[in-house]
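Some notes on the structure that comes next.
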Amino acid sequence: MNANSERYVIGVDYGTLSGRAVVVRVSDGEEVGGAVHEYAHRVIEDTLPGSGVRLGPDWALQSPADWIDVLRHAVPKALAAAQVPADQVIGIGTDFTACTILPATADGHPLCEEFPERPHAWPKLWKHHAAQPHADRINALAAERGEPWLPRYGGKISSEWQFAKGLQLLEEDPETYERADRWIEAADWIIWQLTGVETRNVCTAGYKGIYQDGAYPSEDFLAALNPAFAGFARKLEAGGRGQDLAPLGGLAGRLTARAAEWTGLPEGIAVAVGNVDAHVTAAAADAVRPGQMVAIMGTSTCHVMCSDQLAEVPGMCGVVRDGIVPGLWGYEAGQSAVGDIFAWYVDNCVPASYAERAAEAGVGLHEYLTSLAAEQKVGQHGLVALDWHGGNRSVLVDHTLSGVIAGQTLATRPEDVYRALIEATAFGARIIVETFEASGVPVEEFVVAGGLLKNRFLMQTYADVLRRPLSVIGSDQGPALGSAIHAAVAAGAYPDITAAAAAMGKREAAAYLPDAARADAYDRLYAEYRRLHDHFADGGMLHRLRAIRNEASA
């Protein structure tokens with residue numbers, strides 16, 4: 001095939017702090033160009049832009065204007081970097097963090113543009129955890145009533161999801177709730193902007209919207225939470241009329257003239273159905289078969305896996321039919337903070353002298369601390385930590401839990417704590433894997449993707465703690481590549497996601513192998529982690545400390 005006859009697709013990945021676009025060759029998945037656009041507003045956590053209205057504890061918002069800017073800037077720059085003529089691009093796919101959700105009018109207009117001074121009018125980012133009390137009420141009522149959908153979510157739904165955030169919106173700002181014709185995932189909203197067609201994808205509806213067996217929770221259940229909440233599910237439906245959910249890899253619509261002007265792409269090319277960053281990454285790693293667990297490790301970690309078996313796994317984020325690839329059950333679990341924990345520690349707890357030494361060595365502070373931590377033997381620091389600085393997503397599903405570091409003395413050094421935090425996140429991953437396997441869902445291969453792949457010591461630590469080989473994705477831009485693979489399917493270049501992933505996905509099997517001696521030593525530390533985990537799992541003291549903090553901050 002001549003280079004001028006090659007076909008390409010674009011994948012756009014919307015992350016927590018930036019959006020990135022890659023240009024991918026359809027025939028083999030080669031990434032020929034890419035670009036990143038940093039969000040101007042990043043994460044809105046303290047005050048609203050412009051108005052200066054202060055936000056409460058555990059709030060995290062974003063600006064939809066930043067998302068459109070990714071289309072305006074990253075896509076044209078990626079095309080230029082790839083030196084690919086726009087007329088050779090046959091499709092575009094996107095992925096988003098989830099549950100990142102916004103209130104909008106019936107024509108898709110974000111309410112934050114109409115009411116910029118109202119916090120609840122802005123999109124709530126996935127890590128907005130201020131709806132935990134509302135999630136607690138939903139969980140308690142669902143357990144009391146024996147709602148059939150609850151076991152599909154490991155016994156608890158998260159404060160990060162659509163219904164908890166929606167109930168918070170209703171009860172804290174009923175006027176904005178009433179004005180919101182739509183409560184829509186950003187993953188679907190951006191597709192609406194690209195195509196002019198409103199759709200709802202099966203992935204976010206199932207994992208974040210409690211859509212099971214063809215229905216959302218009943219009006220009777222919602223009314224028992226709050227009479228005004230009874231009709232909430234209508235805000236989740238495309239057109240407010242209960243249209244069928246759009247299948248992954250499907251054609252959502254065609255690129256509009258307006259979106260073509262933003263992106264520099266041809267009007268009318270295929271636009272794939274929206275999806276979640278973690279779930280599209282499975283295709284990028286060619287890991288869409290039963291038993292392959294993909295851990296997308298960055299600011300947080302999301303664990304996704306396909307299976308031909310339906311099981312109830314305690315504390316998972318959901319099991320959804322067709323939720324990763326059509327025809328299989330898709331499981332999701334996760335850790336609310338991983339890279340965020342390391343960033344918090346480095347930004348707030350490391351002495352300036354360490355930064356000076358790192359600069360002298362010509363490396364970053366994370367790299368310097370990692371090198372010091374790697375020199376230690378397992379257990380030499382005498383510490384064990386709980387990786388709950390952003391709450392616990394799996395298996396406890398409680399975002400008001402908080403981090404714990406046990407064993408510190410006057411001899412404890414920054415690299416000791418840094419290593420203990422890395423180990424804590426690995427222990428948290430081991431609990432998730434063991435919980436799946438104890439529930440009858442075997443994990444046959446553990447595949448890693450995401451930014452933390454760059455830390456080889458961290459990867460080896462995970463292999464040792466998990467006592468199993470780690471496979472790694474062959475791309476630095478897993479979600480964007482996965483979105484491009486979905487775009488190739490939507491454009492008709494491949495018959496389905498599995499075929500496209502086999503041709504375009506990239507994975508190095510068993511890239512890290514466990515060391516038996518270190519694995520044995522980590523078993524002892526993991527036992528202590530489990531004791532600490534189980535002791536604080538009820539949240540008693542940690543919840544009380546959180547309440548004291550919130551009262552003092554009011």
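Filter region 7-47 down to the residues that are open to solvent by less than 40 Å² (accessible area, probe 1.4 Å) and farther than 27 Å from R254 by Cα and list them by number.
V43, I44
Test D464 against the stated conditions and say whether it is of a type in the set (D, E, K, R), assigned to a helix (DSSP H, G or I) and touching a Phe, Trp or Tyr at 6+ places or on another chain (Cβ under 8 Å).
Answer is yes for this residue.
Could you tell me whether E528 is among the charged types (D, E, K, R) and either at pLDDT below 95 or open to solvent by less than 20 Å² (accessible area, probe 1.4 Å) (or both)?
Details: among the charged types (D, E, K, R): yes; either at pLDDT below 95 or open to solvent by less than 20 Å² (accessible area, probe 1.4 Å) (or both): no.
Criteria not met by E528.
Filter region 347-378 down to residues that are open to solvent by less than 30 Å² (accessible area, probe 1.4 Å) and either assigned to a loop (DSSP other than H, G, I, E, B) or touching a residue at least 60 places away in the same chain (Cβ under 8 Å) (or both), then give me how many there are.
Going through region 347-378 one residue at a time, the tally reaches 5.
Tally up the residues in region 315-338 that are assigned to a loop (DSSP other than H, G, I, E, B) and either open to solvent by less than 10 Å² (accessible area, probe 1.4 Å) or polar (S, T, N, Q) (or both), please. Steps first, please.
If we filter region 315-338 for residues that are assigned to a loop (DSSP other than H, G, I, E, B), which is where we start, we get 315-317, 322-328, 336-338.
Going one step further and asking which of them are either open to solvent by less than 10 Å² (accessible area, probe 1.4 Å) or polar (S, T, N, Q) (or both), we end up with 315-317, 323-325, 336-338.
Residues flagged as assigned to a loop (DSSP other than H, G, I, E, B) and either open to solvent by less than 10 Å² (accessible area, probe 1.4 Å) or polar (S, T, N, Q) (or both) within region 315-338 amount to 9.
Considering only residues of region 172-198 that are hydroxyl-bearing (S, T, Y) and touching a His at 6+ places or on another chain (Cβ under 8 Å), which is surrounded by the most Cβ atoms within 10 Å (Cβ to Cβ)?
The qualifying residue surrounded by the most Cβ atoms within 10 Å (Cβ to Cβ) is Y177.
Can you find, within region 140-171, the residue that is most open to solvent (accessible area, probe 1.4 Å) among those that are in a helix (DSSP H, G or I) and free of Cβ contacts under 8 Å to residues at least 24 places away in the same chain?
Here the residue is E144.
In region 178-200, what residues are touching a Gly at 6+ places or on another chain (Cβ under 9 Å), among the basic types (K, R) and not in a strand (DSSP E or B)?
The answer is R200, and nothing else.
Condition check ((1) surrounded by fewer than 23 Cβ atoms within 10 Å (Cβ to Cβ); (2) at pLDDT 95 or above; (3) of a type in the set (G, A, S)) across all residues:
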{"site": "G249", "(1), (2), (3)": "no, yes, yes"}
{"site": "W262", "(1), (2), (3)": "yes, yes, no"}
{"site": "A270", "(1), (2), (3)": "no, yes, yes"}
{"site": "T281", "(1), (2), (3)": "no, yes, no"}
{"site": "A287", "(1), (2), (3)": "no, yes, yes"}
{"site": "I296", "(1), (2), (3)": "no, yes, no"}
{"site": "T299", "(1), (2), (3)": "no, no, no"}
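Restricting region 202-244 to residues that are open to solvent by 40 Å² or more (accessible area, probe 1.4 Å) and hydrophobic (A, V, I, L, M, F, W, C), which is nearest to E178 (Cα to Cα)?
A228
So is S471 small (G, A, S) and outside any helix (DSSP H, G or I) or not?
The answer is yes for S471.
D181 - would you say it is within 21 Å of the chain's Cα centre (by Cα) and in contact (Cβ under 8 Å) with a residue 12 or more places away in the chain?
When the stated conditions are applied, D181 does not pass them.
Determine which single condition G382 fails, assuming it passes every other condition in (1) part of a loop (DSSP other than H, G, I, E, B); (2) open to solvent by less than 10 Å² (accessible area, probe 1.4 Å).
For G382, the exception is condition (2).
The values are calculated or read from the model by the stated rules, or taken from the named source; none is laboratory data. Values in this document were obtained by computation on a predicted structure and should not be read as measured data. Ideal geometry is used to build each Cβ from the backbone, glycine not excepted, and the neighbour counts take in all protein chains shown. Just the protein is used for accessible areas: all its heavy atoms, side chains included, with ligands, DNA and RNA removed. Shrake-Rupley method; radii C 1.70, N 1.55, O 1.52, S 1.80 Å.
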